[in-house]
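Here is the structure we will look at.
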Amino acid sequence: MEDSVNTGMSYKDLNTKINHWLPSRVTNKLPNGNEVTLGQCMKHETGIPDIIEEDKFYLAVLNDPNKKWGPEELLEFIYDKTPVFAPGDTAIYSNTNTILVSMVIEAQTGKKHSDLLKQYILNPLGMQHTYYQPHDELPNEVAQGYFDLYNNNTIVNVSNLVTGAGNGYGGIYSNLFDLYKFINALLIKQTLLKPQSLSTMRTYGKTDDPNRYGYGIMKKFISRPPDQQGEGHSGRDLGYTANLFYFQNKGVTHIFLINYGTDSDSGLKQVFKDFQEELLNITLN
């Protein structure tokens, strides 16, 4: 939408149903698939189940850890499932939504979303230490990812498990310096997007405590006082955890990178959540 001449998309497309772009073989089997709009996918107001909440999906990952998943293969895990809620009723984060957004982008532009990511964000900002797996080969110095996989208080190296990332969700490997380049251009200096695009992006919808979602952005820590609520996004994978938030009223940027997964439950999850809260208290108070 930022470059509508090349993408052929505009702001009105946010209110267009995804079945305008995606084939019926997908939308007819997708819960709420013929009802939800592109904008609802971006704000997580679709009620479409999250594939990473499906036990069969993780079982498939463990059984074939090196498989590179395609988007429609991933969607099969939630085909014909019961919707979580009616479109627009509330908001609950679902990685399935971002898969659908990437599919819409590719259907509209005829280009890979990974190439557009480089064209419009990574290359212009000089983010030379940012990679999008599996589209990019990771350098040897990437930190290994860990998780208490068997819930027995023993962490396991899960770096080689391919969890479907790179299909519009997950898969971004970066460092503090590149992430700061991004948040600085997007929200601090506001040079990445045109004013109308940024304003639209920051149109926040329903609450999913402790988050509220805009178009591809989230406001986090909303239970805190207004001046301690950050804008940006968090990221979780089986062996990694990341936060990137700018607290405008405080002039503080919070970048939180840990090579342990906190997306799924484990005995260590609360330890990392407590650590995050301590960092917030130190930097914001």
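Scan the range 62-81 for residues that are hydrophobic (A, V, I, L, M, F, W, C) and either touching a residue at least 40 places away in the same chain (Cβ under 8 Å) or closer than 18 Å to Gly171 by Cα (or both) and jot them down.
Start the filter on the range 62-81 by keeping residues that are hydrophobic (A, V, I, L, M, F, W, C), which leaves 62, 69, 74-75, 77-78.
Those that are hydrophobic (A, V, I, L, M, F, W, C) and either touching a residue at least 40 places away in the same chain (Cβ under 8 Å) or closer than 18 Å to Gly171 by Cα (or both): Leu62, Trp69, Leu74, Leu75, Ile78.
Search the range 262-285 for residues being under 17 Å from the mean Cα position of the chain (by Cα) and either in contact (Cβ under 8 Å) with a residue 60 or more places away in the chain or assigned to a strand (DSSP E or B) (or both), and hand back the single one that is surrounded by the fewest Cβ atoms within 10 Å (Cβ to Cβ).
From the range 262-285, those under 17 Å from the mean Cα position of the chain (by Cα) are 262-264; that's our starting set.
Filter once more, keeping what is either in contact (Cβ under 8 Å) with a residue 60 or more places away in the chain or assigned to a strand (DSSP E or B) (or both): 263-264.
Working: Asp263: 19, Ser264: 16.
Applying the filter and picking the extreme gives Ser264.
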If I go through the range 243-261 residue by residue, how many of them are crowded, with 21+ Cβ neighbours inside 10 Å and not aromatic (Phe, Trp, Tyr)? 3
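Just to be sure before I move on: is Arg212 in a strand (DSSP E or B) and either surrounded by fewer than 19 Cβ atoms within 10 Å (Cβ to Cβ) or modelled with pLDDT of 95 or more (or both) in the structure I sent? Give the steps one after another, and end with the answer.
Numbers: in a strand (DSSP E or B): yes; either surrounded by fewer than 19 Cβ atoms within 10 Å (Cβ to Cβ) or modelled with pLDDT of 95 or more (or both): yes.
When the stated conditions are applied, Arg212 passes them.
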How many residues, within the range 112-130, are over 20 Å from the mean Cα position of the chain (by Cα) and under 25 Å from Asn19 (Cβ atoms)? 0
When (1) of a type outside the set (Ser, Thr, Tyr); (2) in contact with a Ser or Thr (Cβ under 9 Å, 6 or more places away or on another chain); (3) in contact (Cβ under 8 Å) with a residue 12 or more places away in the chain; (4) surrounded by 13 or more Cβ atoms within 10 Å (Cβ to Cβ) are applied to Leu122, the one that fails is (3)
Expected output for the range 20-37 (first residue farther than 11 Å from Tyr79 by Cβ, partner aromatic (Phe, Trp, Tyr) and surrounded by 13 or more Cβ atoms within 10 Å (Cβ to Cβ), Cβ below 9 Å, 6+ apart or cross-chain) is Asn32/Phe85
Somewhere in the range 68-87, is a residue in a loop (DSSP other than H, G, I, E, B), touching a strand residue (DSSP E or B) at 6+ places or on another chain (Cβ under 7 Å) and either modelled with pLDDT under 95 or crowded, with 18+ Cβ neighbours inside 10 Å (or both)? no
For the range 162-203, what are the residues that are out of contact with any helix residue (DSSP H, G or I) (no Cβ under 6 Å at 6 or more places or on another chain), in contact (Cβ under 8 Å) with a residue 24 or more places away in the chain and part of a loop (DSSP other than H, G, I, E, B)? Val162, Ala165, Gly166, Gly170, Gly171, Ser174, Asn175, Leu193, Lys194, Arg202
All positions within the range 215-242 that are surrounded by fewer than 19 Cβ atoms within 10 Å (Cβ to Cβ) and more than 17 Å from the chain's Cα centre (by Cα): Ile222, Ser223, Arg224, Pro225, Pro226, Asp227, Gln228
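The values are calculated or read from the model by the stated rules, or taken from the named source; none is laboratory data. Here the structure is a predicted model, which means the values were calculated and not measured. In this analysis, Cβ positions are derived from the backbone assuming ideal geometry, glycine residues included, and neighbour counts consider all displayed protein chains.
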